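S.K.: Let me begin by handing over the structure; questions about it come next.
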Amino acid sequence: MTVLITGTSRGIGAGLAAACEARGEEVIGTTRAGDWPLEVTKPESHAALAARLSGRPIDLLVCNAGVYLDKGERLEDGYA
């Protein structure tokens, strides 16, 4: 089985990738920079990844990568 996991540079994504690899799965792990680059906020990055994967079957997609849109904000500053 080929598993594509977004956001494998650390945390949950890294743990999922390690667990899948331990089971013998082929893992394609995306990060902002690395073997399989993906910046989830940039459509051109999605297109580049899709082109690179063209014709390669993916059995499982785990969308783990996220964005931190309110970085630097405080809860007291506007979450009513």
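The values are calculated or read from the model by the stated rules, or taken from the named source; none is laboratory data. The shown structure was predicted, so the numbers you read here are calculated from the model rather than taken from an experiment. Backbone-built Cβ (ideal geometry, glycine too); neighbour counts: all protein chains shown. Surface areas here come from the heavy atoms of the whole protein model, side chains and all, with no ligands, DNA or RNA. Shrake-Rupley method; radii C 1.70, N 1.55, O 1.52, S 1.80 Å.
S.K.: For the chain, what is the Kirkwood estimate of the hydrodynamic radius, computed as the reciprocal of the mean inverse distance between distinct Cα atoms, to one decimal in Å?
M.R.: Averaging 1/r across every pair of different Cα atoms and inverting gives 13.9 Å.
S.K.: Apply 1/(1 + (r/R0)^6) to the Cβ-Cβ distance of Thr2 and Ala33, taking R0 = 22 Å, and write down the FRET efficiency to the nearest 0.05.
M.R.: 0.50
S.K.: Ordered by residue, what ³J(HN,Hα) values in Hz, to whole numbers, does region 32-41 give under the Karplus form 6.51 cos²θ - 1.76 cosθ + 1.60, where θ = phi - 60° and Gly and Pro are x?
M.R.: With the stated coefficients, region 32-41 comes to 5, 9, x, 5, 10, x, 7, 10, 5, 8 Hz.
S.K.: Can I ask one more? Considering only protein heavy atoms and a probe of 1.4 Å, how much of the accessible area of region 1-79 is carbon and sulfur, as a whole percent? Don't skip to the end; give the middle numbers.
M.R.: On the way: 3010 of 5580 Å².
Carbon with sulfur: 54 percent of the solvent-accessible area.
S.K.: Say we join alpha carbon atoms closer than 10 Å with springs in a Gaussian network model of the chain; which of Asp70, Asp35, Asp59 then has the biggest fluctuation?
M.R.: Top of the fluctuation ranking is Asp70.
S.K.: If you put +1 on each Lys and Arg Cβ and -1 on each Asp and Glu Cβ, how big is the dipole of region 24-80 around its Cα centre, in Debye rounded to 20?
M.R.: It works out to roughly 200 debye.
S.K.: For the chain, report the accessible area per residue in Å² (1.4 Å probe, heavy atoms, rounded to an integer).
M.R.: On the way: 5730 Å² over 80 residues.
Computed with neighbouring chains in place, this is 72 Å² per residue.
S.K.: Taking 0.36 nm per intervening residue step and subtracting the Cα-Cα distance, what contour gain separates Lys71 from His46 on full extension?
M.R.: Contour length minus Cα-Cα distance gives 6.7 nm.
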